[in-house]
Structures are given as C-alpha cells and as structure tokens.
Amino acid sequence: MTEKPSLKPRQTDPLAHAGEKASVLVEALPWIQKFAGETIVIKYGGNAMVNDELRRAFAEDVVFLRHVGVNPVVVHGGGPQINAMLDTLGIESEFRAGQRVTTPEAMEVVRMVLTGQVSRELIGLINSHGPYAVGLSGEDAALLRAERKTAQVDGEEVDLGLVGEVTGVRAEAVQDLLAAGRIPVISTIAPEFVTTEDGSSQPTGEVLNVNADLAAAAVASALGAAKLVMLTDVEGLYANWPDKSSLISSLGASDLKQMLPSLQSGMIPKMTAALTAVESGVPRAHIVDGRAPHSMLLEIVTTEGVGTQVVPDGEVPTQTKEER
C-alpha cells in the first residue's frame, strides 16, 4: 500500500534560522560598542504612541538599549490623547496659523493627559521589564524653561495662549537619573520664565504647552546626546513628495535649511528640531517611521538604518533611497 504524502509543511532548518539571528547580533555589535555609555534622546510620538503592539515594541527597544549600556532618554507629547480628552469634555479648540490656542481650561487637560495618562502608560510598559523608568514633567525641578510664543497670520502677530518654546534645560535633573541607571520619561509642559530688566530669568507661575519635537532637540543638546531620534508617521523626508523613491536617506544641515520653507506644515517642527539639534552639537538627528515595530532600534544598531538622518555640513552628501 502506497503511503500518502505528508501534508505537513516542511520545517524550517533551525540552524539556518539561528544563523540569521546571529548575523543580526553580529551586525549590531559595532554599533552597540560605539554607543555604549552614550546618551540617546528619543522623541516618542505618532502611531507608536496609540497602537498597542507598537507601544510594547517601543518599550522593549528602550529596555534593550538600557541593557547594552546606552542611556536612553524619552521625551513625549500626546496630541491624539489630548484631542480625545478635549472632545470628551466638550472643550472646543481654536487654531491659529495651524497651531492650537491653549486656553487655561485646555492647559489643565494637557497637564492631566501628558503626566497622568501618556507618561504613566509608557512607564508601566517599560517597567514591566524591570524597575527602570522614572517619569518627569518639564515642571519638575524646572527641568524645562519656556517663554511664551506667538504666531504670524497674514503678517500680523497673533496670540496662542499658553503655548511656549523651550529656552532652557536643567540637564543635571536628567543626568542624576541616568547615573542611577534609570530611564527618564519626560512630558513636554514647562513653567514660563520671563527676562527681567536686569537680565535675570524669573518664573511667572504659569505653565506652557511646548512642542515635543523642539523640546526633545533642546534636551538632546543640553545632555550632549550622541543622537536624537524622532518617531513619526512617515518613512522620512522626501525630496519630491509624494514620489516614494525620493526618500532622503541623509542630508546636511545647510541642505535641510534650504528645504524647510517648502516642507509640509506637519514636517516643519520635526525637521526644525533635527536642524536645531545638529547645529547645537548633536552629531546625528534621525526621523524614523514609528509605524513599523522596532524601527527606532533598527536605526540605531544596524548598518543600513531606516528613515532620514541629518548630519553636520560636509559629513555626508544628500542621498535618496535609490542612491543609498
């Protein structure tokens, strides 16, 4: 009697599978050696912040970096969560020059969501792997200092309410946590400071909502970070959007400065933050697609990398995806 052929799928060679894993580890080794002992600031946002699978993957990546000797610092906003809570509470939002006007009523929601929801959820995910993450608000020990900002509409200056830009960072508040082996998780609200007649900076007692991308750049600069990595919902910066083949792999600061005025509004804060960081001495700033699990880790510990990196002028010529 002829035996029936087996319908079971052929098992993958376990040694070949293990070899693939080993090759990835070997590729990561020089990058782990390079960044061991260095600080990397990661701006957490976009889809990675609201998708459960991506949130867990991000927490795993941060813990992995911590265990291989890197000092990760996480800076986050929380736009989607803030929008959802404002809608739930029936608080209407007014936008001027594409930016939300933050009233005192809205500011209370911003504080509640950033420090009481987004920060706590991320800390919980990281700490499911061990007692690592510690939450900080920009208010804590005046970690961040900010000044109120306005916007231009048809050539006229308009008020944005309690919206500011970071003007100072108390780096020692973060460095103390890093020295203790912790992972700082920073939410981006900041006390308002004004410059007095004698040139000193004094707090006003108000708290301001600040852009998380620009805050992350300020933190990276203050800490002397080796990298700034910003997660977003696109693959990177395109030379000719929507042509996917025009994705820029690497570009210098001057090239980016020339491109900034022509960029879509959503990319301007991120690319401005990348430019600010590099011009302030951070060697690399990266825009990474946070919609793919572990994309942040791939950018840091693989040779090819993902996304778009900004580097000091003259270091790496501008490259598109096809030229990579």
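Every number in this text was worked out from the coordinates using simple rules, so none of it is lab data. Source: prediction; values computed, not measured. For neighbour counting, all protein chains shown are included, and Cβ atoms are generated from backbone atoms with ideal geometry for every residue, glycine included.
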Along the range 145-153, Karplus-curve 3J(HN,Hα) (6.51, -1.76, 1.60; θ = phi - 60°) to the nearest Hz, with x for Gly and Pro, reads 10, 9, 10, 5, 10, 10, 9, 10, 10
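Taking the Kirkwood radius as the inverse of the mean 1/r across Cα pairs, report the Rg/Rh of the range 102-211.
For the range 102-211, the value is 1.05.
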Just to be sure I follow the rule: in the chain, considering lysines 8 or more places apart or on different chains, how many pairs have Cα atoms under 13 Å apart? 5
Kirkwood Rh, Cα atoms: Rg over Rh of the range 142-299: 0.99
Which residues qualify? For Val207, with a placed amide H closer than 5 Å and at least 5 residues away or on another chain, they are Glu192
Simple Cβ-charge dipole of the chain, Lys/Arg +1 and Asp/Glu -1, about Cα centre, in debye nearest 20: 1180 debye
Once label points are set 7 Å from the Cα along Cα→Cβ at both Ala36 and Ser128, what is their separation, rounded to one decimal in nm? 3.0 nm
I'm spelling it out carefully: the read-out is Rg and Dmax of the Cα atoms in Å, the candidates are (1) 21.6, 101; (2) 19.3, 60; (3) 19.8, 75, and one was derived from this structure. Which label? (1)
Highest to lowest packing among 250-261, 24-35, 39-50, scored as the average C-beta count within 10 Å: 39-50, 250-261, 24-35
³J(HN,Hα), Karplus 6.51/-1.76/1.60, whole Hz, each residue of the range 128-142, x for Gly, Pro: 5, 9, x, x, 10, 7, 10, x, 9, 9, x, 6, 5, 6, 6
Long-range HN-HN contacts of Leu136 with modeled amide H, under 5 Å: Val185, Ile186, Ser187
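Pull out a ≥ b ≥ c, the square roots of the eigenvalues of the alpha-carbon gyration tensor of the range 213-324, then state rounded if a/c is under 1.5, prolate if not and a/b is larger than b/c, and oblate in the remaining case.
It is rounded, given that a/c, with a ≥ b ≥ c, falls under 1.5.
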Compute the angle between helix 52-67 and the longest alpha-carbon principal axis of the chain, please, reported from 0 to 90 degrees and rounded to the nearest 10. 90 degrees
Students often check this: by mean Cβ neighbours within 10 Å, which of 97-103, 71-77 ranks highest, and how do the rest follow? 71-77, 97-103
Provide the packing ranking of 198-206, 218-226, i.e. peptides ordered by the mean count of other C-beta atoms within 10 Å per residue, highest first. 218-226, 198-206
Step through the residues of the range 175-191 one at a time and calculate ³J(HN,Hα) from phi using the Karplus curve (6.51 cos²θ - 1.76 cosθ + 1.60, θ = phi - 60°), rounding each to whole Hz and writing x for Gly and Pro. 4, 4, 5, 4, 5, 8, x, 9, 10, x, 10, 10, 9, 9, 10, 8, x
